[in-house]
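Just so you know, all these numbers are worked out from the coordinates, no wet-lab data involved. Treat the numbers as computed from the prediction; the structure is a model and nothing was measured. Backbone-built Cβ (ideal geometry, glycine too); neighbour counts: all protein chains shown.
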Amino acid sequence: MQNFSQIIVHHEGPIAFITLNRPEKMNAFTVIMMHEICDAMDILDHDDNVRAIIFTGNGRAFCAGADLTPQDDGQIFASGSEVASLSDERVRDSGGKLTLRLFQSKKPLIAAINGAAVGIGATMTLAMDIRLASDNAKFGFVFARRGIVPEAASSWFLPRLVGMQQALTWCMTGRVFNADEAYKGRLVQDIYPADNLLDEAREIALEIADNCAPVSVAMTRAMLWRLSSQEHPMEAHKMDSRAIYRRSRSNDAKEGIASFLEKREANYPDKVSEDLPDFFPWWKEPNYE
């Protein structure tokens with residue numbers, strides 16, 4: 001694994017950790033951090049030893065939002081320079097580049113939100129699969145209070161997770177709220193004492209890693225994220241049928257049945273890097289226009 005300047009990546013058995021690492025800035029988000037997370041995801045997605053990825057922050061915050069101070073790598077927001085077309089690559093939101101990369105992950109993503117998660121600190125977690133919060137975590141979709149609008153494709157992710165009314169309330173008021181409200185609003189799955197948060201995230205990650213076929217997990221993640229937004233359940237039925245047909249004839253399925261009958265732990269042989277069904281990916285990612 002390469003060295004990074006604004007994140008830390010380390011492994012604990014089948015779990016990889018990505019820790020946002022600008023504690024002196026409350027892990028404020030930069031273009032460098034975006035590129036480093038995307039690069040780390042490229043590496044981890046191709047590592048068959050990694051079965052789950054946990055995100056957290058170093059210090060007292062998860063991510064306090066975009067770093068609004070001048071950066072050598074360029075601003076998160078437009079500097080005032082004009083572009084000829086709004087389809088220009090330079091117009092693209094860096095938070096959206098990150099969440100779109102996370103959306104493409106072949107590994108389950110767990111957010112262990114250990115403190116403030118505001119702006120991009122909140123929206124980056126929306127493309128993750130499971131969000132856990134410490135009891136001192138705070139959240140805020142504060143864009144309207146900064147004179148901008150929700151970013152990181154959160155207008156797509158957030159209503160799907162919490163419902164339109166809750167998404168509108170949080171985004172239109174732009175207020176910061178605590179972990180209890182995040183839990184009641186279905187933004188996070190559970191709340192834990194700060195000292196226990198990572199242990200709880202590890203337990204969920206190991207539940208996946210120790211018991212489930214990684215190719216099945218990758219397919220399940222892709223199917224639920226993409227098929228739930230189709231207009232008719234027939235689209236899900238088509239993909240279910242093809243996926244069940246292919247996977248039922250896989251070595252994983254043979255091992256899953258044998259381990260069940262023999263009352264032992266399964267040792268799934270198929271690899272995400274090699275053995276995804278021949279129709280994966282079945283979707284076409286739209287271009288930026």
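Observations on the model:
- When Val149, Val50 are arranged by Cβ crowding within 10 Å, least crowded first, meaning fewest neighbours, the order is Val149, Val50.
- In the chain, the calculated helix contribution to ellipticity at 222 nm averages -11500 deg cm²/dmol per residue, counting -39,500 (n - 2.57) for every DSSP H run with n ≥ 4.
- With all pairs of different C-alpha atoms in the average, the Kirkwood value for the hydrodynamic radius of the stretch 212-289 is 13.8 Å.
- Taking the stretch 212-289 and dividing mean pair separation by its residue count, relative contact order in percent (alpha carbons under 8 Å, at least six apart): 38 percent
- With the convex hull drawn around the C-alpha atoms of the stretch 56-176, the volume per residue stands at 131 Å³.
- Cα gyration tensor shape of the stretch 144-289, rounded if a/c is under 1.5, else prolate or oblate by comparing a/b with b/c: oblate
- Taking 0.36 nm per residue of separation and subtracting the current Cα-Cα distance, fully stretching the chain between Lys184 and Asn251 would add 20.0 nm.
- In terms of its C-alpha gyration tensor, the stretch 157-241 has an oblate overall shape, because the principal axis ratio a/c (a ≥ b ≥ c, square roots of the eigenvalues) is not below 1.5 and a/b does not outweigh b/c.
- Over 27 Å (Cα to Cα) - which of Lys106/Lys263; Lys25/Lys138; Lys184/Lys271; Lys138/Lys271 fall in this group: Lys106/Lys263; Lys184/Lys271; Lys138/Lys271
- For a modelled paramagnetic label at Asn267, 7 Å from Cα along Cα-to-Cβ, the residues of the stretch 203-223 in reach, with backbone nitrogen under 16 Å, are 210-214.
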